[in-house]
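Single-structure report; data block below.
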2 protein chains.
Amino acid sequence: MGFEFVLVKRDPHSRARAGVMHTPHGEVPTPVFAPVGTQATVKSLSPRELEELGAALLMANTYHLYLRPGADIVAKLGGLHRFMAWDGPIMTDSGGFQIFSLEALRRVNDEGVLFRSHLDGSEHLFTPEKAIEVQEKLGADLIMCLDECTPNPASYEYEREALERTHRWAERCRRAHTKEEQALFGIVQGGIFPDLRARSAEFLTSLDFPGYAIGGLSVGEPKAVTRQMVDLTVSLLPEDKPRHLMGVGSPEDLFDYVARGIDIFDCVLPTRLARNGAVLVRTGRLNLRNARFADDPAPIEEDCDCYACRHFSRAYLHHLIKAREILGLRLTTLHNLHFMLNLMRRIRQSILDGTFAAFKEDFLASYKAREDYRMQRHPHRAA
Amino acid sequence: MGFEFVLVKRDPHSRARAGVMHTPHGEVPTPVFAPVGTQATVKSLSPRELEELGAALLMANTYHLYLRPGADIVAKLGGLHRFMAWDGPIMTDSGGFQIFSLEALRRVNDEGVLFRSHLDGSEHLFTPEKAIEVQEKLGADLIMCLDECTPNPASYEYEREALERTHRWAERCRRAHTKEEQALFGIVQGGIFPDLRARSAEFLTSLDFPGYAIGGLSVGEPKAVTRQMVDLTVSLLPEDKPRHLMGVGSPEDLFDYVARGIDIFDCVLPTRLARNGAVLVRTGRLNLRNARFADDPAPIEEDCDCYACRHFSRAYLHHLIKAREILGLRLTTLHNLHFMLNLMRRIRQSILDGTFAAFKEDFLASYKAREDYRMQRHPHRAA
């Protein structure tokens, strides 16, 4: 009942591939988009709705759950699956990203990282061993090594030192990891420096993790650089292991990085947009706050079969959003996740059918990408 | 396809009765508890959830919908039922309660009431004719006459003048009312003065409305006075017409006023409590914010079969509430409405079975009532 990744089909014209991850809580067809449930809940949705949406994998945040409600409480309640009533596969990150981005950082050294809680200012020391202990208590199916996340931009020197520490931490995480049923992923870092990325991919591959995450990208660097780093990293990672591009992405990113060989995506974009009244449609984004929707009887998207589109007009959603009614952001969240999950299902099917390139071209011809969400600092992950 | 009220059974030991209201959008078994959907949504819930909860009647607010999104927009979108995707029966109040309690009141005279919008300060004149016009555009199954709501306490003189105006307005509402498929209810006022209540019940009965609401009670007066006013009013209203006690009530109120002959209740109490983390159980109320629930693996109530109780622990709900996650208040709302709707179904069944008195005694023996929600000004209706 451990973790296994099976490749099912490769696209002949790109690095895209379709596979299946077998986990103790069920199969995850890849490529997969994982909705983010930072605090053991995908904001505004119930597990039943996530199941109906066809979510195959959820991402939860170790940092947040460690601070509240605490890993011991989650363990006492039977682990994260039972706690949040989600029987499907879950992954947790190591907490590194949040510790290093919430400005709560106090001190990093080889032992670990000392930080202050954003909730009450209390001091906590996260070591690689602690990150594993907490994640073992939470009990997700996929867990992550503790990594040092560098600011962007960072100097080569800084990036190299951080990377070496991340590598030493990866070895300690591997040793500390005791629960075979949880698959521990290594995280490739190295910033925007090709030689560091290459070193990281090679070093972590030598530790033979069951899967690899790529961290520290899509944090403000130019998209061409992100692509270059992903291409380089993927080319050095083993073919038979799943690859997770952390904190990515938008609809256009799914196509871009699936084509570059990524299997797992997680991103707060669709849920965060939804809470701001923005919905994803085939032509791009609509903001339902806009007055032009006040009397629009059409659904968000005509042929969408999500609950929101089957029952409600843009006018009603506009009203709910203006009136700050919770149902408004529930319905936009539902729609946006449906959009992403459905898009990923169609991408996977197109790989299986050998029509990925055509589907990609077709989608991107009508979808007007917006890059504004990248302009914020670390906008794409739940910090 | 008009409105019809059929009495099915009378309790031999009280004024309690079971009946059915036939409306263009389906049958409403009475006595009935109507969840409040102030802004065309029962806060945090979807129509699908309300259907699954067995809600038979929803209450929406004319004042709020008139101001936002506006009755013309709702009409353009096909009316309130289609707008909010609720195919079942809906009632709207006249807007009087909100106009007279939101401190936005500018001037009342025989013509109508001039008030300021709480949203943008704009001035609006509501006349009886306007209240009917707006409610006809909204298209609810049960609608209400415009009434003047007096502050509590009010002098006899004030109350009498307001009542006389309410009566003149009732006549004008009746004349203005054109849509036969909407049942127009009269509203009995008169404050805490028995002779005014009696006059009001008699006058409105002479206008032969298809149903009667009792307004202006449970707004801070002693409970003994509320009961006295309800008893007096009910004794003077026709047996074959449904009676609605507006803005009531709590679980204990349902028993109390069903026994006094009330058929329809609406109250924000269960949904408002839920948003504050308080849940209704057979012994009274629990506040899930309390630290003692932080690691409590039990559901809100052991044998409750609502979605929240079937899947989640008090510990998880405590976590969601502390973390201000929307799912927390969704689940407490779901539970509290299930509690009220289920309680009302059991009350009705006990009337049919001839066991109402025993059921009432049994329930109240273990339920510890709390009256604190009455201490606020007009806490029980969506102002």
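The criterion of at least 3 residues that are without any contact (Cβ under 8 Å) to a residue 60 or more places away in the chain and of a type in the set (A, V, I, L, M, F, W, C) is met, among strands (runs of 3 or more DSSP E) falling completely within region A:43-121, by A:113-116.
Scanning region A:333-355 for residues being in a loop (DSSP other than H, G, I, E, B) and closer than 17 Å to B:GLU49 by Cβ gives a total of 0.
Residue-by-condition table, conditions (1) under 21 Å from B:ARG314 (Cβ atoms); (2) within 18 Å of the chain's Cα centre (by Cα); (3) of a type outside the set (Gly, Ala, Ser):
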{"site": "A:GLU49", "(1), (2), (3)": "no, no, yes"}
{"site": "A:GLU52", "(1), (2), (3)": "no, no, yes"}
{"site": "A:MET59", "(1), (2), (3)": "no, yes, yes"}
{"site": "A:LEU67", "(1), (2), (3)": "yes, no, yes"}
{"site": "A:ILE73", "(1), (2), (3)": "yes, no, yes"}
{"site": "A:ARG82", "(1), (2), (3)": "yes, no, yes"}
{"site": "A:PRO89", "(1), (2), (3)": "no, yes, yes"}
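Taken over region A:65-83, the residue count meeting the criterion of being among the acidic types (Asp, Glu) and more than 10 Å from chain B (Cβ to nearest Cβ) is 0. Test B:GLY2 against the stated conditions and say whether it is away from chain A (no Cβ under 13 Å) and touching a Gly at 6+ places or on another chain (Cβ under 6 Å). No. Are any of the residues in region A:84-106 surrounded by fewer than 16 Cβ atoms within 10 Å (Cβ to Cβ) and within 14 Å of another protein chain (Cβ to nearest Cβ)? Yes - at least one qualifying residue is present in region A:84-106.
Of all residues in region B:18-37 being surrounded by fewer than 22 Cβ atoms within 10 Å (Cβ to Cβ) and in a loop (DSSP other than H, G, I, E, B), which is farthest from the other protein chains (Cβ to nearest Cβ)? Only one residue fits best here, namely B:PRO24.
Just the residues that are among the hydroxyl-bearing types (Ser, Thr, Tyr) and in contact with a His (Cβ under 9 Å, 6 or more places away or on another chain), please, taken from region A:239-261. Within region A:239-261, A:SER250 is the sole residue that qualifies.
As for region A:87-107, it holds at least one residue that is among the charged types (D, E, K, R) and in contact with a Lys or Arg (Cβ under 8 Å, 6 or more places away or on another chain).
Here A:LEU77 meets each of (1) open to solvent by 10 Å² or more (accessible area, probe 1.4 Å); (2) under 20 Å from the mean Cα position of the chain (by Cα); (3) under 24 Å from B:LEU327 (Cα atoms) with one exception, condition (2).
Does region B:47-63 include one or more residues that are open to solvent by 10 Å² or more (accessible area, probe 1.4 Å), in contact with a Ser or Thr (Cβ under 8 Å, 6 or more places away or on another chain) and either within 13 Å of another protein chain (Cβ to nearest Cβ) or closer than 25 Å to A:ARG330 by Cα (or both)? For region B:47-63, residues open to solvent by 10 Å² or more (accessible area, probe 1.4 Å), in contact with a Ser or Thr (Cβ under 8 Å, 6 or more places away or on another chain) and either within 13 Å of another protein chain (Cβ to nearest Cβ) or closer than 25 Å to A:ARG330 by Cα (or both): absent. Counting residues in region B:146-158 that are under 21 Å from the mean Cα position of the chain (by Cα), more than 14 Å from B:PHE126 (Cα to Cα) and surrounded by 24 or more Cβ atoms within 10 Å (Cβ to Cβ) gives zero.
When B:ILE321, B:ILE351, B:ILE347 are checked against the criterion of being within 28 Å of A:TYR66 (Cα to Cα) and among the aliphatic types (A, V, I, L, M), a single residue qualifies: B:ILE321. The number of residues in region B:199-215 being outside any loop (DSSP other than H, G, I, E, B) and either touching a residue at least 60 places away in the same chain (Cβ under 8 Å) or more than 13 Å from B:MET246 (Cα to Cα) (or both) comes to 9. With respect to B:VAL134, determine if the residue is at pLDDT below 95 and either in contact with a strand residue (DSSP E or B) (Cβ under 7 Å, 6 or more places away or on another chain) or away from chain A (no Cβ under 14 Å) (or both). In short, no.
Output the residue which, of all residues in region A:118-132 that are open to solvent by 10 Å² or more (accessible area, probe 1.4 Å) and in contact with a helix residue (DSSP H, G or I) (Cβ under 7 Å, 6 or more places away or on another chain), is nearest to A:ALA176 (Cα to Cα). That would be A:GLU129. Does A:ASP362 qualify as being modelled with pLDDT under 95, within 26 Å of the chain's Cα centre (by Cα) and surrounded by fewer than 16 Cβ atoms within 10 Å (Cβ to Cβ)? Spelling it out, it is not the case that A:ASP362 is modelled with pLDDT under 95, within 26 Å of the chain's Cα centre (by Cα) and surrounded by fewer than 16 Cβ atoms within 10 Å (Cβ to Cβ). Residues of region A:288-304 that are without any contact (Cβ under 8 Å) to a residue 12 or more places away in the chain and under 20 Å from A:LEU337 (Cβ atoms): A:GLU302, A:ASP303. B:ASP141 satisfies every condition listed in (1) at positive phi; (2) surrounded by 24 or more Cβ atoms within 10 Å (Cβ to Cβ) except (1).
Whether any residue in region B:269-282 is open to solvent by 10 Å² or more (accessible area, probe 1.4 Å), modelled with pLDDT of 95 or more, more than 23 Å from B:ARG346 (Cα to Cα) and assigned to a loop (DSSP other than H, G, I, E, B) is what I want to check. Yes: region B:269-282 contains one or more residues that are open to solvent by 10 Å² or more (accessible area, probe 1.4 Å), modelled with pLDDT of 95 or more, more than 23 Å from B:ARG346 (Cα to Cα) and assigned to a loop (DSSP other than H, G, I, E, B). In the set (1) among the hydrophobic types (A, V, I, L, M, F, W, C); (2) at positive phi; (3) more than 14 Å from chain B (Cβ to nearest Cβ), the condition left unmet by A:ALA40 is number (3).
Rundown of residues vs (1) of a type in the set (A, V, I, L, M); (2) in contact with a strand residue (DSSP E or B) (Cβ under 7 Å, 6 or more places away or on another chain), yes/no style:
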{"position": "A:GLU4", "(1), (2)": "no, yes"}
{"position": "A:HIS13", "(1), (2)": "no, no"}
{"position": "A:ALA16", "(1), (2)": "yes, no"}
{"position": "A:THR30", "(1), (2)": "no, yes"}
{"position": "A:PRO47", "(1), (2)": "no, no"}
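For region B:124-166, the candidate set comprises residues that are of a type in the set (Gly, Ala, Ser) and either touching a Ser or Thr at 6+ places or on another chain (Cβ under 7 Å) or not in a loop (DSSP other than H, G, I, E, B) (or both); within that set, the residue that is nearest to B:LEU57 (Cα to Cα) is B:ALA140.
Checking each residue in region B:219-267 for being closer than 24 Å to B:LYS368 by Cα, open to solvent by 10 Å² or more (accessible area, probe 1.4 Å) and assigned to a loop (DSSP other than H, G, I, E, B) picks out B:VAL219, B:GLY220, B:GLU221, B:PRO222, B:ARG260.
Note on region B:304-332: residues that are open to solvent by less than 10 Å² (accessible area, probe 1.4 Å), in a loop (DSSP other than H, G, I, E, B) and more than 9 Å from every other protein chain (Cβ to nearest Cβ) amount to 1. Looking only at residues in region B:153-198 that are in contact (Cβ under 8 Å) with a residue 24 or more places away in the chain and among the hydroxyl-bearing types (Ser, Thr, Tyr), the one that is farthest from B:GLU129 (Cα to Cα) is B:TYR156.
Checking every residue in region B:293-303 against the condition of being in contact with a Cys (Cβ under 6 Å, 6 or more places away or on another chain), part of a loop (DSSP other than H, G, I, E, B) and within 14 Å of chain A (Cβ to nearest Cβ) gives at least one match.
The values are calculated or read from the model by the stated rules, or taken from the named source; none is laboratory data. Every value quoted in this text rests on a predicted model; they were computed, and no experiment measured them. When we count neighbours, we look across all protein chains shown, and the Cβ atoms used for this are built from the backbone with ideal geometry, even at glycine. In case anyone asks, the SASA skips ligands and DNA or RNA and just uses the protein heavy atoms, side chains included. Shrake-Rupley method; radii C 1.70, N 1.55, O 1.52, S 1.80 Å.
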